[in-house]
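Okay, structure first, notes after.
The values are calculated or read from the model by the stated rules, or taken from the named source; none is laboratory data. This is a predicted model, so every value here is computed, not measured. Neighbour counts run over all protein chains shown; Cβ positions are idealised from the backbone, glycine included. Heads up: the accessible areas ignore ligands, DNA and RNA and are worked out on the full protein's heavy atoms, side chains in. Shrake-Rupley method; radii C 1.70, N 1.55, O 1.52, S 1.80 Å.
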Amino acid sequence: MANKFDVISIFPEYMSPLALSLIGKATKAGLVDIAVHDLRDQATDVHHTVDDTPYGGGAGMVMMPEPWGAAIDQVVSNAPNRTHDLVILTPAGEKFSQAMAEELTTCEHIIFACGRYEGIDIRITDYYKSQPNFRVREISIGDYVLNGGEVATLAIMEAIIRLIPGVIGNPASLDEESHSLESEAGLLVEYPSYTKPAEWRGLGVPEVLLSGNHAAIAKWRRDEAIKRTEKLRDLTRE
Ligand code: JBZ
């Protein structure tokens, strides 16, 4: 059974990149089943309203619980007998990581709720957390301001889907990557890469890479990766 993904957004067109490249191929190969839904389809008034002013006052608008509840219940009714992982994108969420991507790769049905405005009425989180067949995660992709959860969803889906068996043609590259994952810092540090030509704009290629000495090449790459890690740690003041 293919991993199922449902994305709910007021801008379903934002998700059109999912038809491209690796994810597009994985969809055509039946490895993943992705559907995107317009939240406004669940609005009940003539203007298809999905937001309202916040209780207690303050700037901005809040997404109403009724259309969200209807949209989530609908995608769940189309995926019976599965457990559902509801991912709510919010700047208040837990920071997304490779470890989280690995965990989410094992989920049979993930629902992404892309908020806009000041976010979704918190009762959506609270209600689905109370449902036995649900796991709810609030996730952020980083400490910067986005206009909504759509771009965060694209990043997270790409990180998850590329880990699904069969999606990446050459699994050796996944294996090599996991070895380069710094377990402690969680940093993906890779050695610098070169390809032809051997000289470009006066810049050459390190001799060791042209030597054919595989042990020496492996050592050089490891040393370079460590240098990069240390430099990055200095920059990020760990
Ligand atoms: C995210 C209200 O919807 C938003 C707004 C900002 C935002 C998200 C959702 S998710 N920023 C992030 O991952 O950083």
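Side notes on the structure shown:
- Each DSSP beta bridge with both residues in segment 19-178 is either parallel or antiparallel, and the antiparallel ones are about 10%.
- Once the chain from Asn78 to Ala2 is taken as fully extended at 0.36 nm per residue, the excess over their C-alpha distance is 26.0 nm.
- Take every Cα pair under 8 Å whose residues are at least 6 apart in sequence, average their separation, divide by the length of segment 19-155, and the relative contact order is 25 percent.
- For Tyr128, net neighbour charge (Lys/Arg +1, Asp/Glu -1) across residues whose Cβ lies under 13 Å away: -1
- Nearest-0.05 FRET efficiency for Asp45 and Glu158, computed from C-beta distance (R0 41 Å): 0.70
- Relative contact order, whole percent, for the chain stands at 19, derived from Cα pairs under 8 Å and 6 or more residues apart.
- Of the listed residues Arg162, Arg116, Arg228, the order by accessible area with a 1.4 Å probe, largest first, is Arg228, Arg162, Arg116.
- Helix axis angle, 171-180 relative to the chain longest principal axis, alpha carbon, degrees: 80
- Residues Phe11, Phe134 ordered from highest to lowest accessible area at a 1.4 Å probe: Phe11, Phe134.
- Calculated FRET value between Arg233 and Asp38, using beta carbons and R₀ = 41 Å, to 0.05: 0.40
- Per-residue accessible area (protein heavy atoms, 1.4 Å probe) orders Val87, Val136 as Val136, Val87, starting from the largest.
- Straightening the chain between Val151 and Tyr55 buys 31.8 nm, computed as 0.36 nm per residue apart minus the Cα-Cα spacing.
- Net charge contributed by nearby residues that have their C-beta within less than 11 Å of Gly149 (K/R +1, D/E -1): -1
- Two-site FRET efficiency, Glu13 against Ser173, from Cβ-Cβ distance with R₀ of 41 Å, rounded to 0.05: 0.85
- Annotation: extensible slack from Ala216 through Tyr127 equals 26.3 nm (criterion: 0.36 nm per residue apart, minus Cα-Cα distance).
- For the options Pro192, Pro91, Pro54, a Gaussian network treatment of the chain with springs between C-alpha atoms closer than 10 Å singles out Pro192 as fluctuating the most.
- Residue pairs exceeding 24 angstrom between C-alpha atoms, taken from Lys28/Lys129; Lys95/Lys227; Lys4/Lys129: Lys28/Lys129; Lys95/Lys227.
- For the residues Ala152, Ala113, Ala79, a GNM of the chain with alpha-carbon springs under 10 Å puts the largest fluctuation on Ala79.
- A simple count of charges around Pro91, restricted to other residues whose Cβ falls under 13 Å of its Cβ and scoring Lys, Arg +1 and Asp, Glu -1, yields -2.
- Accessible area per residue was computed with a 1.4 Å probe on protein heavy atoms; Met100 scores about 20 Å².
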